[in-house]
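Colleague: Take a look at the following structure, please.
The values are calculated or read from the model by the stated rules, or taken from the named source; none is laboratory data. This one's a predicted model, so the numbers in the text were calculated from it and none came from an experiment. Please note: Cβ atoms are built from the backbone with ideal geometry, for glycine as well, and neighbour counts cover all protein chains shown. Accessible surface is based on the protein model in full, side chains and every heavy atom, while ligands, DNA and RNA are left aside. Shrake-Rupley method; radii C 1.70, N 1.55, O 1.52, S 1.80 Å.
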Amino acid sequence: MAEELWIVDRFEERLAVLESHTGTSELRVPRPWLPRNTQEGDVLRLQRSAIEDESHVTFSRDQAETERRRRDMRERAARLRKRDPGGDIKL
């Protein structure tokens, strides 16, 4: 069984736009294919399996990885705010 990580980038009407964890690929899937209450920024594990004439794809939310990535983004934003001198930009 193959497994991949995808991040929910955004929703466009009835579709969810997913970005690969490497940021190099994009995938559009119907929203009902995703776990209930999936939100932008959630990390999903895509599992694929194939047996003879059937193939199956399953999306599951990786809560621990989602929380880790959100924490990293908050810390990164805090570091950038510390470096910002404030005020207007002079050109």
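Colleague: I'd like the accessible area for GLU65, computed on protein heavy atoms only with a 1.4 Å probe and all protein chains in place. Round to 10 Å², please.
Modeller: Here the residue's solvent-accessible area equals roughly 40 Å².
Colleague: In segment 53-91, which trypsin sites (Lys or Arg not before Pro) are in a loop and have at most 11 other Cβ atoms within 10 Å, using DSSP for the loop call?
Modeller: LYS90
Colleague: If you don't mind, another one. Karplus couplings for segment 41-47 from phi (6.51 cos²θ - 1.76 cosθ + 1.60, θ = phi - 60°), rounded to Hz, Gly and Pro as x?
Modeller: x, 5, 9, 10, 9, 9, 10
Colleague: Considering only protein heavy atoms, what per residue accessible area in square angstrom results for the chain with a 1.4 angstrom probe?
Modeller: Per-residue accessible area for the chain comes out at 81 Å².
Colleague: How much mean residue ellipticity at 222 nm does the chain get from its helices, if each DSSP H run of length 4 or more adds -39500 (n - 2.57) and you divide by all residues, to the nearest 500 deg cm²/dmol?
Modeller: -8000 deg cm²/dmol
Colleague: Follow-up question, since we're still on this one. From largest accessible area down, sort ILE51, ILE89, ILE7; use a 1.4 Å probe on the protein chains.
Modeller: ILE89, ILE51, ILE7
Colleague: For helix 63-83, report the angle its Cα long axis makes with the longest principal axis of the Cα atoms of the chain; keep it between 0 and 90° and round to the nearest 10°.
Modeller: Rounded to the nearest ten degrees, it is 20.
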